[in-house]
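See below for the structure under consideration.
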Amino acid sequence: MILKKHNYNRVTRFREAWVWLKEEEKLYAQFLKGYHPVIHLFCGKSSLGDVRVDCENFPNVTHRLEIKPTKSYKLPFDDKSFDACIFDPPWINPMFAWTAWEVPRITRRRIVAITGVHWWEPQEKGWRLTKLYVLKRLSPNIKLVFIYDYMNKTFEEVDSND
C-alpha cells in the first residue's frame, strides 16, 4: 500500500493571531460599504471600522477595553451610536454571549458577526438575518458570517405583512 503524502502548504496561509487574510478582510469591507460610523469589536490588528476596540493595545486599536462581568459586559457607548458593527469574538471564550444583547444596543443598521461555526443572533426585536455565509478556503478556519439588518419592524409585523 502506498500512502499519499499530504499537502500541508495550506497551513502556511495561517497568519499571526488577530490578523485576517487580505481576501477575507476585503470581503468584510464589502459588507460594511456605505455604513458610517462602524465599530469593530475584537478588532486585533485589522484596520476595518472607524472605532476599533480590543482588550490589547494593537497598533490599529482606537479603544482598549476589557469587558468584565462585574460591569454586566456593558460597552461604554450610547444606544444606536454606530451605523454598523463587525465582530469576530474569541471562539473559545464562552462569555461572548453578551454580544447578543450589547451589539444590537449600540448598532443602528447592520451587524456582521463572524463566528467559528457557532450560531449567533441578536436578542433585540427588529433585526433580521439577511445573509449567511460559510467561509471555507478563504480563511484558515471554517467560519460562519451572519449579516443582520435592522428592519424597523418586529418579526411578527414583518411576517404578518408577508
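Tabulated data for the structure shown
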| quantity | calculated |
| --- | --- |
| For the stretch 103-114, Karplus couplings with θ = phi - 60° (6.51, -1.76, 1.60), whole Hz, Gly/Pro x | 4, x, 5, 8, 10, 8, 10, 9, 10, 10, 10, 10 |
| Protein-only accessible surface order, largest first, of W20, W120, W101 at 1.4 Å | W101, W20, W120 |
| In Å², nearest 10: area of L132 left accessible to a 1.4 Å probe | 80 Å² |
| Members of K26/K131; K26/K74; K22/K143; K80/K131; K22/K74 lying beyond 27 Å, as alpha-carbon distances in this model show | K26/K74; K22/K74 |
| Sequence of K33, K74, K45 when ordered by accessible area, the most exposed leading, probe 1.4 angstrom | K33, K74, K45 |
| Cα radius of gyration and Dmax for the stretch 19-81 (Å) | 12.6, 38 |
| Under 5 Å, built H, 5+ apart or other chain: amide partners of R108 | F82, D83, A84 |
| Zone of L21's modelled label, taken as backbone nitrogen in the stretch 112-152 under 20 Å from a point 7 Å along Cα→Cβ | 113-118, 132-146 |
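The values are calculated or read from the model by the stated rules, or taken from the named source; none is laboratory data. Since the model is a prediction, treat every value here as computed from it, not as a measurement. All Cβ positions, glycine included, derive from the backbone under ideal geometry; neighbour counts span all protein chains shown. Accessible surface is based on the protein model in full, side chains and every heavy atom, while ligands, DNA and RNA are left aside. Shrake-Rupley method; radii C 1.70, N 1.55, O 1.52, S 1.80 Å.
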